[in-house]
Amino acid sequence: MNTTLLVTVIVVVVVIILLLAIFFAVRRSRARRQEQQRERSREEFGPEYERTARETGSEEEADKELRRRRGSVERRVEPLSDERREHFEGQWGEVERVFVDNPERSIEMADRTISDILHERRFVSDASQSDEETEKSLAAMHPDVADDYREARRIRADVVARSGGSSEGGSEEQSTEDLRQAIGKYRAVYGRLLDR
């Protein structure tokens, strides 16, 4: 083997090793940035990030979907005027007053108040929007209360279903506790929606 060939082989091997090192360094850096982005998204979107990752099948797709959804909602959501804010504050005060004497009616009023605020602020894009889409719109902007909203609506539906059915021993006491939990969750959503 002559020296020129040997030097050429060594140079080619060194170049290949350098290219491989650069390739793996770039891959590692990209993976680190992606993991940091996913971590920021987990913090930003909370449980909604995990839920969306399960639905889409990947964390990368979940991040894209949540950011797309947030952008869409941000473009259409409007703040409440001072007059409408006062109106809803009065409405919520009535919800809390009614709870003492009629918790079931109060929970219906709370649900209606939250629904009215969601419509007024344009979290609901059109009349045909499903409850699930409304929940997703709320979760895109306010992931900290999205689960409270879902749970409050679930409790409300359970109580309504129970009140229509046969009464079991202790169910009134359980129902009142469920309603107390639901009203607390609705209150958290109400506070967040009036916050901005």
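The values are calculated or read from the model by the stated rules, or taken from the named source; none is laboratory data. In this text, all values refer to a predicted model and were calculated from it rather than measured experimentally. Glycine gets a Cβ as well: all are built from the backbone with ideal geometry, and neighbour counts include every protein chain shown.
Tallying residues that are touching a helix residue (DSSP H, G or I) at 6+ places or on another chain (Cβ under 6 Å) and either among the acidic types (Asp, Glu) or not in a helix (DSSP H, G or I) (or both) within the range 117-134 yields 3. One residue stands out among those in the range 55-94 that are over 20 Å from Glu120 (Cβ atoms) and in a loop (DSSP other than H, G, I, E, B): the one that is modelled with the lowest pLDDT, which is Ser58.
The lone criterion from (1) touching a residue at least 40 places away in the same chain (Cβ under 8 Å); (2) within 17 Å of Ser137 (Cα to Cα) left unmet by Phe99 is number (2). Among residues of the range 9-33 that are under 29 Å from Asp63 (Cβ atoms), none has a beta-carbon under 6 Å from a residue that is of a type in the set (Gly, Ala, Ser) and at pLDDT below 90 at least six positions away or on a different chain. If you go through the range 97-120 and keep only what is surrounded by fewer than 18 Cβ atoms within 10 Å (Cβ to Cβ) and within 15 Å of Glu177 (Cα to Cα), you end up with Val100, Asp101, Asn102, Glu104, Arg105.
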